[in-house]
1. Before we move on, is Glu116 within 28 Å of Pro28 (Cα to Cα), free of Cβ contacts under 8 Å to residues at least 12 places away in the same chain and surrounded by fewer than 19 Cβ atoms within 10 Å (Cβ to Cβ)?
2. Given the criterion within 20 Å of Arg47 (Cα to Cα), touching a Lys or Arg at 6+ places or on another chain (Cβ under 9 Å) and hydroxyl-bearing (Ser, Thr, Tyr), identify the matching residue among Ser194, Ser185.
3. Does Ala259 count as part of a loop (DSSP other than H, G, I, E, B), in contact with a Pro (Cβ under 8 Å, 6 or more places away or on another chain), surrounded by 15 or more Cβ atoms within 10 Å (Cβ to Cβ) and outside the structural domain of His198 (by TED's automatic domain parsing)?
4. Evaluate the range 176-188: report whether one residue or more is modelled with pLDDT of 95 or more and assigned to a helix (DSSP H, G or I).
5. I need the full set of residues from the range 195-223 which are on the phi < 0 side of the Ramachandran plot, at pLDDT 90 or above and among the small types (Gly, Ala, Ser), in order please.
6. Is it the case, given these coordinates, that Leu235 is buried (at least 19 other Cβ atoms within 10 Å of the Cβ), touching a Ser or Thr at 6+ places or on another chain (Cβ under 7 Å) and assigned to a helix (DSSP H, G or I)?
7. Which pairs have Cβ atoms under 8 Å, sit 6 or more apart or on different chains, and link a residue in the range 127-149 that is at negative phi and outside any helix (DSSP H, G or I) to one that is among the hydroxyl-bearing types (Ser, Thr, Tyr) and surrounded by fewer than 21 Cβ atoms within 10 Å (Cβ to Cβ)?
8. Note down all Cβ pairs under 8 Å where the first residue falls in the range 63-80 and is under 15 Å from Leu96 (Cβ atoms), the second is surrounded by fewer than 16 Cβ atoms within 10 Å (Cβ to Cβ), and they're at least six residues apart or on different chains.
Amino acid sequence: MTSIDVHELTKDFATTRAVDHLTFSVRPGRVTGFLGPNGAGKSTTMRLVLGLDRATGGSATIGGHPYASLGDPLRRVGALLDATAAHGSRTARNHLLALATSNGIAGARVEEVLVEAGLESVGGRRIKTFSLGMRQRLGIAAALLGDPEVVMLDEPSNGLDPEGIVWIRQLMRKLAGEGRTVLVSSHLMNETSSFADHLVVLGKGRLLVDMPMREFLASRSRPGVRLRTTESARLRDALIRKGYAPAQGENGRWTVDGATAEEIGALAAFEGIPLLELVDEQATLEEAYLDLTATETEFAAITPPRSAGQEV
């Protein structure tokens, strides 16, 4: 299968450097989440990979070749960058047929992707009548039209309803499971954590992170455990003897910083203390991401000060 390889990629717009000597690879068989604050350079990087902008320096290749040199590009790379780009006066079916005809793809494939995207019942409607979510589905259908090895999606969940979000999540996992290369840009941290295996994070055009999701979360978290037991006093004493500092919270739960569920479970078993709940606590992707990018955000709102007498 085919990978995306970015090497020392740089893009300047007048006096602004949007992408700054960026190097990373997107490998087949996994979903790579492409994250970063607004203005971090994600969309510019995707456009450079697809040859829609010209790099100031460095290179971006797909399977070792620039996108512009690929034969039958729609069969090699499927991309969704802007769901509103389709001509509004065309029907969804005719939009896909035009793409298929220009790329030597059989018309039968149009019907297949309409079904896969859940648009088979509205294929004859004009695109200008579509909601944003329907346009997103159409853009994804167009990206899948050539049955490509590489799929690049920019904010694919934008405008989708809950069913659509579940669908796109399952679709990305399916594509990666088939050995394809999947790159997905998103601002939805909780959603990204549900499908991404690997993360590439940008900040002000520079690479901040290029590592598996689990490693990233572990690197931004301190070990901790949440638990419940019917014998709180005994467990507390046992933990203190082992050098832990358990803290009691709400609903009978205890937290133990600097410990793992495996360690606490073994201790409780040795002492014969029953546990009703035992969970490793780890930073969420949103927490880890915000911690990482705190100094990399170009646009940040200022929380207004609380006025006197205002309730918290």
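The values are calculated or read from the model by the stated rules, or taken from the named source; none is laboratory data. Being a predicted model, the structure only gives us computed values, none of them experimental. Please note: Cβ atoms are built from the backbone with ideal geometry, for glycine as well, and neighbour counts cover all protein chains shown.
1. So Glu116 fails the test.
2. Only one candidate qualifies: Ser185.
3. When the stated conditions are applied, Ala259 passes them.
4. yes
5. Within the range 195-223, Ala196, Gly203 qualify.
6. Taking the combined requirement at face value, the residue satisfies it.
7. none
8. Pairs found: Leu74/Asn103; Arg75/Asn103; Arg75/Asp147.
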